[in-house]
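Taking it in order: structure first as structure tokens, then the write-up.
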Amino acid sequence: MPPAPPTLSAGPDGQAASLTWTAGADPVSLYRIYRGTVMGGAKTALAIGLGSARSYRDNHTAPFTTYYYEVSGVSEDGVEGSRSNEVSVATGDTAPAPPTAPRR
């Protein structure tokens with residue numbers, strides 16, 4: 001049985017886009033994050049996150065660009081559910097900070 005679609009929200013974080021979602025009651029083994037540049041248009045798979053994750057930060061964006069996102073859940077049997085609502089994020093001009101190395 002496919003998982004129910006998540007409810008997605010998003011906003012800009014400088015040049016990055018921050019996504020968060022809530023899940024339905026169905027168990028999910030992973031989420032697929034999709035991104036496109038046309039409202040209602042085709043989107044390509046951007047990332048896969050574990051079922052326990054409920055957020056994603058897209059750092060691979062261009063400044064002053066609008067992106068459109070959707071998220072879907074995938075069951076333990078590998079069945080992908082319907083995609084979430086579509087959200088848009090208009091990025092700013094501040095580039096994301098580079099990742100920091102872990103302390104030893």
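Read-outs: derived from the displayed coordinates by stated rules, not from any lab. Fair warning: this is a prediction, and the values are worked out from it, not measured in the lab. Here Cβ is always computed from backbone atoms with ideal geometry, including for glycine, and neighbour counts include all displayed protein chains.
Structure above, values below:
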{"read-out": "Environment charge at L46 (Cβ cut-off 12 Å; Lys +1, Arg +1, Asp -1, Glu -1)", "value": "+2"}
{"read-out": "Using alpha carbons only: equivalent-ellipsoid semi-axes of the chain, gyration tensor based, whole Å", "value": "25, 18, 10"}
{"read-out": "Size of charge dipole - the chain - debye, nearest 20, with Cβ of Lys, Arg +1 and Asp, Glu -1, no other charges", "value": "340 debye"}
{"read-out": "Simple label model, 7 Å out from Cα along Cβ direction - S88 to T65, nm", "value": "1.6 nm"}
{"read-out": "Top positive-direction residue, dipole computed over the chain with Cβ charges, set G73, M1, A17", "value": "A17"}
